[in-house]
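Asker: Quick one: the structure is below, questions incoming.
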Amino acid sequence: MSKDCIFCKIAAGEIPSHKIYEDDYVLAFLDIHPCSTGHAVVIPKKHFESIEEIDSENLAFLNDGARRTAKKVYSVLKPDGMNIGLNDKPAAGQAVPHIHLHIIPRWKGDGGGSMHSIVRAEATEPAEEIIKKFV
Ligand code: 5GP
Ligand code: ZN
């Protein structure tokens, strides 16, 4: 538990939340400022800040918690689809520094976009140059 972390406090039950899924490792609850009906966040109960920090076992638990939460949201709210995603680090929009997956239910005609609408910055280098850095 990280002392001043709001999601650690939610996981510990010190701050109330509308839980929609819980197991030994993760908790999913409704977002306080929803982007759509049923927008939920899935968090590991243990504090990790980002994808760089979390270990593979806890990430696997988080992913499976997201899968179970998504199935529950599909069966209860019957959305037409959903976006599931991670804002990793402040540059990508992360406001709460405790890793979490967003589950954002979507309905046909809701006016929203896809992951591709998050940012449309031009690549600064061609793919041939970028790939050289990975080898
Ligand atoms: P981020 O921008 O860090 O990816 O998203 C954090 C999300 O957590 C935001 O969508 C925000 O509305 C939600 N959030 C922040 N504080 C609380 C809270 O105390 N309770 C709940 N239920 N959601 C919160
Ligand atoms: Zn935390």
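The values are calculated or read from the model by the stated rules, or taken from the named source; none is laboratory data. All figures in this text were calculated on a predicted structure; none of them were measured in a lab. Cβ atoms come from the backbone with ideal geometry, glycine included; neighbour counts cover every protein chain shown. Surface areas here come from the heavy atoms of the whole protein model, side chains and all, with no ligands, DNA or RNA. Shrake-Rupley method; radii C 1.70, N 1.55, O 1.52, S 1.80 Å.
Asker: Just one of PHE61, PHE134 is open to solvent by 40 Å² or more (accessible area, probe 1.4 Å), more than 15 Å from ligand 1 (Cβ to nearest atom) and within 22 Å of LEU30 (Cβ to Cβ); which is it?
Answerer: It is PHE61.
Asker: How many of the residues making up region 78-104 are part of a loop (DSSP other than H, G, I, E, B) and either more than 16 Å from ligand 2 (Cβ to nearest atom) or on the phi > 0 side of the Ramachandran plot (or both)?
Answerer: Of the residues in that region, 5 qualify.
Asker: Here's a follow-up. Does VAL42 qualify as being touching a residue at least 60 places away in the same chain (Cβ under 8 Å) and either open to solvent by 80 Å² or more (accessible area, probe 1.4 Å) or of a type outside the set (Gly, Ala, Ser) (or both)?
Answerer: Yes; evaluated as a whole, the condition is true for this residue.
Asker: Then there's this: What residue, among those in region 111-130 that are outside any loop (DSSP other than H, G, I, E, B) and open to solvent by 100 Å² or more (accessible area, probe 1.4 Å), is nearest to GLY85 (Cα to Cα)?
Answerer: Start the filter on region 111-130 by keeping residues that are outside any loop (DSSP other than H, G, I, E, B), which leaves 115-117, 127-130.
Filter again for open to solvent by 100 Å² or more (accessible area, probe 1.4 Å), leaving 116, 128.
Working: HIS116: 12, GLU128: 28 Å.
Restricting to residues being outside any loop (DSSP other than H, G, I, E, B) and open to solvent by 100 Å² or more (accessible area, probe 1.4 Å), the top hit is HIS116.
Asker: Would you check which residues across region 23-39 are within 14 Å of ligand 1 (Cβ to nearest atom) and open to solvent by less than 50 Å² (accessible area, probe 1.4 Å) and list them?
Answerer: Matches in region 23-39: LEU27, ALA28, PHE29, ASP31, SER36, GLY38, HIS39.
Asker: Let me ask you something else. When residues of region 75-110 are filtered for being among the basic types (Lys, Arg) and exposed (fewer than 13 other Cβ atoms within 10 Å of the Cβ), how many remain?
Answerer: Qualifying residue count for the region: 2.
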